[in-house]
């Protein structure tokens, strides 16, 4: 795949138009480089659309603004917004940003982080939010905290639902997979077991847009 990417790069320099490469079929270059109109995602492959065909879908919510100018990576670890609805991290200077979060509906990306929706209520457990919202982690003033926000479209994972990898997970209604009591579960903030509908409320580790916290608890399984 990297050989194919090199050939494509040579072709582009020569003035040729690239073919339709499909999503996730070409490996990123060493600094996250991809052909024009493609972006390097966390799986280290080039994607033309934000979330085509994967279980950790980072697709664009309806009405999202595609006109946002993507910031240039000037340092490794720098956080940027790739558009109004997606945040990303820089792996190196001048590298293509790697997407690592789709913002919840009514949330938007600013300063490299998805921001809580306007007027979002602080929450510590599911019942703090309306039936239409879920208690969702955000990076606020450099630390992970939770606010009520709409669930990610199509997500079904809630309290006690297993997930694969700690971090962003579009299958979880909160958008995040946490490590709690030795298990990976969809992050569902709680104060005690009564908040979890019969499952345990355990200390949890979750990574939100590069910020790692063990201050949250989550309903386990």
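The values are calculated or read from the model by the stated rules, or taken from the named source; none is laboratory data. Since this is a predicted model, take the numbers as computed values, not measurements. Positions of Cβ are generated from backbone atoms using ideal geometry, with glycine treated the same way; all protein chains shown enter the neighbour counts.
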Please go through the range 176-199 and pick out each residue that is outside any strand (DSSP E or B) and over 22 Å from residue 122 (Cα atoms).
181, 182, 198, 199
Kindly establish whether residue 195 is crowded, with 20+ Cβ neighbours inside 10 Å and without any contact (Cβ under 8 Å) to a residue 40 or more places away in the chain.
no
Residue identified as part of a loop (DSSP other than H, G, I, E, B), under 29 Å from residue 206 (Cβ atoms), at pLDDT 65 or above and within 19 Å of the chain's Cα centre (by Cα) among 96, 52:
96
Looking for something at pLDDT 65 or above and part of a strand (DSSP E or B) - is there at least one such residue anywhere in the range 22-31?
yes
From 154, 160, residue being in contact with a helix residue (DSSP H, G or I) (Cβ under 9 Å, 6 or more places away or on another chain), in contact (Cβ under 8 Å) with a residue 40 or more places away in the chain and assigned to a loop (DSSP other than H, G, I, E, B)
160
